[in-house]
Structure formats: C-alpha cells, structure tokens
Amino acid sequence: MRPARQFAAETLHAWGVTCRHDGVSLCVSELATNALLHGVPPGRGYRLRMLRYEGTVRVEVHDSGGGRPRIAGRGPGAEGGRGLLLVAAVADRWGALARVPGKVVWCEFDVGAGVTVGAGAPPGGL
C-alpha cells in the first residue's frame, strides 16, 4: 500500500492541506487493502481517487468486486476485519456506493476552508 499512501501524501501536499495527514494515510491504506483483498478478482487492480472541495478531502477507492462493505462484529483476540472500523473511527464520514461493475468505498475528512479540486490514481491503480 506504499504507492497509495505516497500518492495521498503528495496530493495533500500539492493542495496545501496541512492537517489530517495521518488519518488520510491510514484510511487510504485500509481502503486500498480491502479493495485488493475483497474487491477485485486476482490480477485486477483498483482506482484510488482523491478530491478536495468546500473544506473537505474525500478519498474514494473504486473496485470491480461485488458485495457491500460493512463493519463486521469481532470478538476479542480475532485477527483481521478491523479496517472499516478504523476508517469509521478516524474519518469524519464514510460509506459505499454501487457502480458497474463493483463499488466505490469512500471517506471524508474536514480540513478547513478553500475550494480546490483534484483527482488521480497511483501507479498500478485502475
């Protein structure tokens, strides 16, 4: 997930966003990992997209897999399944949208005023 985290860091820097870097990086990593583990057939990739508008940074991960992301209930000592729990705890908002094929899992961070728009995908993304 290093390319995805690096893309997020470079994008935030280019936009002049000086806060929430750790949270954005964590969520980018978790959502990209989930896409690779659960959202794409073997050999396929995902698309990472970042947008900034009206004081908000939005992270979107597009994949071609089915299903609907959800926070699974886990007992003590269980391994895995905490990615969306972390996203829900760190981001200000998160959700999922259907697309054909697959879905978009997104999260948003409030970062302050200013309107800038940008988008992109890391190397190896869809």
query = Any idea how many residues of the range 4-26 are loosely packed, with under 14 Cβ neighbours inside 10 Å and not small (Gly, Ala, Ser)?
reply = 5
message = Out of the residues in the range 27-55 meeting the condition of being closer than 17 Å to Ala88 by Cβ and not hydrophobic (A, V, I, L, M, F, W, C), tell me which one is surrounded by the fewest Cβ atoms within 10 Å (Cβ to Cβ).
response = His38
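Read-outs throughout are calculated quantities, based only on the coordinates presented, and are distinct from any laboratory measurement. Worth saying up front: this structure is predicted, and the values here are computed from it rather than measured. Cβ atoms come from the backbone with ideal geometry, glycine included; neighbour counts cover every protein chain shown.
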